[in-house]
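Read through the structure below, which is laid out as structure tokens, and then see the notes.
Any read-out appearing in this document is the output of simple, stated calculations on the displayed coordinates, not a laboratory observation. Fair warning: this is a prediction, and the values are worked out from it, not measured in the lab. FYI the Cβ positions are ideal-geometry reconstructions off the backbone, even for glycines, and counts take in every protein chain you see.
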Amino acid sequence: STEEMESRIRAIKKKMGSKLFMPGHHYQKDEVIQFADATGDSLQLAQLCAENEAEHIVFCGVHFMAETADILTSRDQTVYLPDMRAGCSMADMADIYQTERAWSALNGLFGDTIVPLTYVNSTAAIKAFVGRHNGATVTSSNARTMVEWALTLRERILFLPDQHLGRNTAFDVGIPLEQMAVWNPITDELEYEGPLEEIKVILWKGHCSVHENFTVQNIAEVRERDPVMRIIVHPECSREVVELSDEAGSTKYIIDAIEKAEPGSKWAVGTEMNLVNRLIAHHPDKEIISLNPHMCPCLTMNRIDLPHLLWSLEGIEKGAGMNQIKVDGQTSADAHMALDRMLERA
Ligand code: 13P
Ligand code: SF4
């Protein structure tokens with residue numbers, strides 16, 4: 001039963017004490033979040049793992065986050081992902097072979113003028129590629145700082161794998177949409193109408209399948225029903241949606257904005273369902289709805305549930321922890337450079 005699983009988890013956590021660390025991303029289910037030692041957005045979780053010394057880190061989030069945790073921790077620490085199927089559809093939209101092909105084609109077109117930046121929602125191999133080519137990782141909470149930094153190094157940026165975070169951030173730093181091209185990794189083609197010299201930002205044609213469910217139509221409906229409702233979205237939403245919203249930011253940004261808001265204020269939130277439901281539960285004094293009335297879950301985040309968490313902890317307790325996330329030495333060292341360039345500035 002649920003109660004039995006919960007009490008087993010509590011007992012194992014108590015027994016292991018500071019040897020065990022369980023970070024949880026804001027999109028995780030309540031049944032998991034209740035046991036998290038720390039919660040945060042992607043940047044906070046990366047920072048917390050870099051500082052933590054626990055022998056066992058059970059990552060309640062998705063695969064790329066667990067890889068990042070492994071890269072940022074020492075060799076005597078082990079990171080586990082309670083369900084290996086907890087991936088990220090956006091991270092899956094860029095593989096290392098496509099990235100290498102894109103890089104050589106783009107260098108053919110533009111010479112040595114491009115800095116690669118990758119959203120942390122990407123494989124360790126891509127972070128390593130970016131690290132080797134003097135680029136850096138970004139998260140939704142420091143993308144602006146990192147894009148500005150990259151443009152002090154070279155004339156152009158290749159931004160992987162989320163075209164929307166890339167476009168929204170480049171737009172925020174003042175780059176016109178006409179100076180942004182899109183790289184299509186399926187056809188290996190650059191999608192762009194104007195003269196090549198104009199291009200400042202090359203956006204990888206990837207997106208988040210959860211955030212693409214928030215639409216201009218959803219915004220029109222909210223505005224019509226209630227003109228004073230504030231609309232806040234994650235920057236993985238499209239440019240059009242971010243443009244029409246009142247605010248956009250990382251999961252932490254969204255949580256803080258609603259926390260600080262006046263009692264009685266009204267919010268339509270464009271992000272993953274578990275977080276929206278938690279905001280609704282934590283703020284009974286505010287009126288909070290999902291921007292898309294059909295709540296949008298991240299199915300892969302939801303793979304981590306009570307049974308998987310307990311199974312993972314029981315394995316560690318028996319000395320046979322399963323689903324260990326181990327990034328190989330060279331990939332880890334190269335990816336570490338890309339992460340460090342971000343963490344120094346974050
Ligand atoms: P943040 O928590 O960094 O805003 O990221 C959201 C997300 O989609 C993680 O996959
Ligand atoms: Fe990936 Fe989107 Fe899920 Fe975040 S919400 S883990 S970007 S699929």
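Counting every other Cβ atom within 10 Å of each residue's Cβ, T2, T78 order from fewest to most as T2, T78.
Considering all C-alpha pairs of the stretch 95-147, those separated by over 12 Å amount to 64%.
For the stretch 116-208, the dipole from Cβ point charges (+1 on Lys and Arg, -1 on Asp and Glu) about the Cα centre works out to 460 debye, to the nearest 20.
Taking the charge dipole of the stretch 28-98 about its Cα centre, with +1 at Lys and Arg Cβ atoms and -1 at Asp and Glu Cβ atoms, the residue from G40, A66, S89 reaching farthest to the positive side is S89. Only helical DSSP H runs with n ≥ 4 go in: add -39500 (n - 2.57) per run for the chain, normalise by residue count and round the 222 nm mean residue ellipticity to 500 deg cm²/dmol. Only helices count here, giving -12500 deg cm²/dmol.
Considering only H164, H283, H234, the mean-square fluctuation computed in a Gaussian network model of the chain, springs between alpha carbons under 10 angstrom, is largest for H283. Here the scattering of the chain is modelled by Debye summation over its C-alpha atoms, one equal scatterer each and no solvent; at q = 0.06, 0.12, 0.14 Å⁻¹ the log10 of I(q)/I(0) is -0.22, -0.87, -1.14.
Can you classify the stretch 126-255 as rounded, prolate or oblate using the Cα gyration tensor, where a ≥ b ≥ c are the square roots of its eigenvalues, rounded means a/c under 1.5, and otherwise it's prolate if a/b beats b/c and oblate if not? Prolate shape, in that a/c is at least 1.5 and a/b is the bigger ratio. Among H25, H56, H133, sorting on how many other beta-carbon atoms sit within 10 Å of each Cβ, with the fewest leading, yields H133, H56, H25. Less than 5 angstrom separates the built amide H of I288 from those of W267, all sequence-distant by 5 or more or on a different chain. Within the chain, DSSP assigns beta bridges of which about 15% are antiparallel (rounded to the nearest 5). Label sites at Q179 and A38, each approximated as a point 7 angstrom past Cα along Cα to Cβ, lie 3.7 nm apart. Each of I280, L310, V269 was scored by the projection of its Cα onto the charge dipole of the stretch 254-321, and the greatest displacement toward the positive side belongs to V269; charges sit on the C-beta of Lys, Arg, Asp and Glu.
Once you order the gyration tensor axes a ≥ b ≥ c over the Cα atoms, which shape class does the stretch 1-142 get: rounded for a/c under 1.5, otherwise prolate or oblate by comparing a/b with b/c? Here the stretch 1-142 falls in the prolate category.
Taking each residue as 0.36 nm, the span from K318 to D188 lengthens on full extension beyond its C-alpha to C-alpha distance by 42.0 nm. Exposed loop sites are taken as trypsin sites (Lys or Arg not before Pro) in a DSSP loop (any state but H, G, I, E or B) with at most 14 other beta carbon atoms within 10 Å; the longest stretch of the chain without one runs 86-317. Shown here is the pair-distance distribution of the stretch 211-290: with all Cα-Cα distances grouped in 5 Å bins from zero up to the longest one, the shares run 3, 17, 31, 27, 18, 5, 0 percent. Estimate the FRET efficiency between D305 and D246 by the formula 1/(1 + (r/R0)^6), using the beta-carbon distance for r and 22 Å for R0, to the nearest 0.05. The formula returns an efficiency of 0.05 here. Taking 7 Å steps out from each Cα toward its Cβ at S74 and K260 produces label points 3.8 nm apart. Within the chain, the longest segment free of exposed loop sites, counting GluC sites (Glu not before Pro) that fall outside DSSP classes H, G, I, E and B and have at most 12 other Cβ atoms within 10 Å, spans 194-343. Rounded to the nearest 20, the Cβ-based charge dipole of the chain about its Cα centre (Lys and Arg +1, Asp and Glu -1) stands at 680 debye.
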